[in-house]
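Take a look at the structure below.
The values are calculated or read from the model by the stated rules, or taken from the named source; none is laboratory data. Quick caveat, the model's predicted, so the values are computed rather than measured. Reconstructed Cβ throughout: ideal geometry from the backbone, glycine too, with neighbour counts over all protein chains shown.
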Amino acid sequence: MVISYQGAQVKPPKFISQAVQVKDFMTRKLITFHPNDSMHSVITMLVEKNISGAPVVDDLGNLIGVISEGDCLKQVVRGKYTNSPEIMGSVGDYMTPDPVVIGPNENVMEVAKLFLKLRLRRFPVLENGKLVGQISQRDVMKAIQDLKHETW
């Protein structure tokens with residue numbers, strides 16, 4: 001009788017690992033605003049670039065807030081209420097200060113849960129305290145669309 005011995009064999013992984021980190025799907029080329037920018041210029045840029053909001057940075061490029069379509073709509077409604085056709089004020093007056101931020105290595109599925117829990121539309125992405133991108137609900141939807149069904 002012949003006995004054959006084989007060394008330990010490494011089985012190939014059942015599934016190929018897929019990118020599911022924020023850094024793989026976030027937007028890196030950001031439109032940002034300064035707190036001194038006028039609300040009128042923000043509305044114009046959001047409409048022109050077809051975006052729903054953007055980070056607000058100081059003179060050193062540090063993240064200090066976010067401005068959104070919702071923030072702009074509040075200003076428009078205030079103007080209607082006071083019968084003033086001009087959209088007054090600056091970004092610093094209407095932005096959301098100290099936004100919720102995430103890191104580039106966070107899992108997209110966890111970020112999706114966070115979007116639902118906090119009812120936000122975008123998160124600035126910080127790495128070592130620096131703004132490196134932004135991820136939106138739409139970016140997460142694109143990420144999910146790109147994932148193969150077997151790895152869910």
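Does at least one position in the range 78-88 carry a residue that is loosely packed, with under 12 Cβ neighbours inside 10 Å and touching a residue at least 40 places away in the same chain (Cβ under 8 Å)? Yes, that holds for at least one residue. The residue list VAL101, VAL132, VAL91 contains one member that is farther than 15 Å from GLN21 by Cα, surrounded by 12 or more Cβ atoms within 10 Å (Cβ to Cβ), modelled with pLDDT of 90 or more and not acidic (Asp, Glu), which is VAL91.
Can you tell me which residue within the range 43-77, out of those that are farther than 22 Å from ASP139 by Cα and in contact with a strand residue (DSSP E or B) (Cβ under 8 Å, 6 or more places away or on another chain), is surrounded by the fewest Cβ atoms within 10 Å (Cβ to Cβ)? Checking each candidate, the answer is GLY61.
The set of residues from the range 34-45 being free of Cβ contacts under 8 Å to residues at least 40 places away in the same chain and either in a loop (DSSP other than H, G, I, E, B) or small (Gly, Ala, Ser) (or both) comprises just one member, SER41.
Restricting attention to the range 21-33, which residues are of a type outside the set (Asp, Glu) and either touching a residue at least 60 places away in the same chain (Cβ under 8 Å) or within 10 Å of ILE67 (Cβ to Cβ) (or both)?
Just the residues of the range 21-33 that are of a type outside the set (Asp, Glu), to begin with: 21-23, 25-33.
Within the range 21-33, GLN21, VAL22, LYS23, PHE25, MET26, THR27, ARG28, LEU30, THR32, PHE33 meet the criteria.
When LYS148, LYS117 are checked against the criterion of being modelled with pLDDT of 95 or more, exposed (fewer than 12 other Cβ atoms within 10 Å of the Cβ) and farther than 15 Å from THR27 by Cα, a single residue qualifies: LYS117.
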